[in-house]
Amino acid sequence: MTKGTNVTVNSVLPGPTRSEAIVDYLKTRISNPNASQEEIEKEYFRKERPTSLIQRMAENSEVASLVAYLASPLASNTNGAALRCEGGILRALF
């Protein structure tokens, strides 16, 4: 229990985040593995994540910004939260 300790406990739930490894993986899933990184990403979101609101990978710095906020005094009233950082990937519930 963290009551009275000024310690908060939260979870950051990142979605697809740009990295060399994810680009290499996506090359195995698209029609033209020799395509540019931009083309690979566009095809991935068109085929695999069509409900994404931003239609792109998150940048490491975007996820890091959320983590920095949560670790700062600005988030002192945020506790027990699961915070999505995935660009608004919506799931159909049917």
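Flag set for Arg56, criterion: touching a Phe, Trp or Tyr at 6+ places or on another chain (Cβ under 9 Å) and within 12 Å of Pro16 (Cβ to Cβ). Given Ser52, Ser31, Ser65, which one is loosely packed, with under 14 Cβ neighbours inside 10 Å and either in contact (Cβ under 8 Å) with a residue 24 or more places away in the chain or over 30 Å from Met1 (Cα atoms) (or both)? Result: Ser31 is the single residue among Ser52, Ser31, Ser65 that is loosely packed, with under 14 Cβ neighbours inside 10 Å and either in contact (Cβ under 8 Å) with a residue 24 or more places away in the chain or over 30 Å from Met1 (Cα atoms) (or both). So, in the range 77-88, exactly how many residues are of a type in the set (S, T, N, Q) and surrounded by 10 or more Cβ atoms within 10 Å (Cβ to Cβ)? Of the residues in the range 77-88, 2 are of a type in the set (S, T, N, Q) and surrounded by 10 or more Cβ atoms within 10 Å (Cβ to Cβ). Among residues of the range 34-47 that are more than 14 Å from Glu20 (Cβ to Cβ), those with a Cβ under 6 angstrom from a residue that is among the aliphatic types (A, V, I, L, M), sequence gap 6+ or separate chain, pair up as Glu43/Ile30; Tyr44/Leu26.
Checking each residue in the range 29-68 for being under 15 Å from Gly15 (Cβ atoms), among the β-branched types (Val, Ile, Thr) and touching a Pro at 6+ places or on another chain (Cβ under 9 Å) picks out only Val63. Of all residues in the range 43-56, those being not hydrophobic (A, V, I, L, M, F, W, C) and not in a loop (DSSP other than H, G, I, E, B) number 5. Inside the range 58-77, residues that are outside any helix (DSSP H, G or I), over 23 Å from Glu38 (Cβ atoms) and among the small types (Gly, Ala, Ser) make up a count of 3.
Every residue, every condition in (1) touching a helix residue (DSSP H, G or I) at 6+ places or on another chain (Cβ under 7 Å); (2) at pLDDT 95 or above, yes or no:
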position	(1), (2)
Tyr44	yes, no
Ser52	yes, no
Ser65	no, yes
Phe94	no, no
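Say we look at the range 10-42 and pick out the residues that are under 19 Å from the mean Cα position of the chain (by Cα) and assigned to a loop (DSSP other than H, G, I, E, B); which of these is modelled with the highest pLDDT? Per the stated criteria, the residue is Asn10.
The values are calculated or read from the model by the stated rules, or taken from the named source; none is laboratory data. These numbers come from a predicted model, not from an experiment. Because the Cβ atoms are built from the backbone with ideal geometry, glycine has one as well, and the counts that use them run over all protein chains shown.
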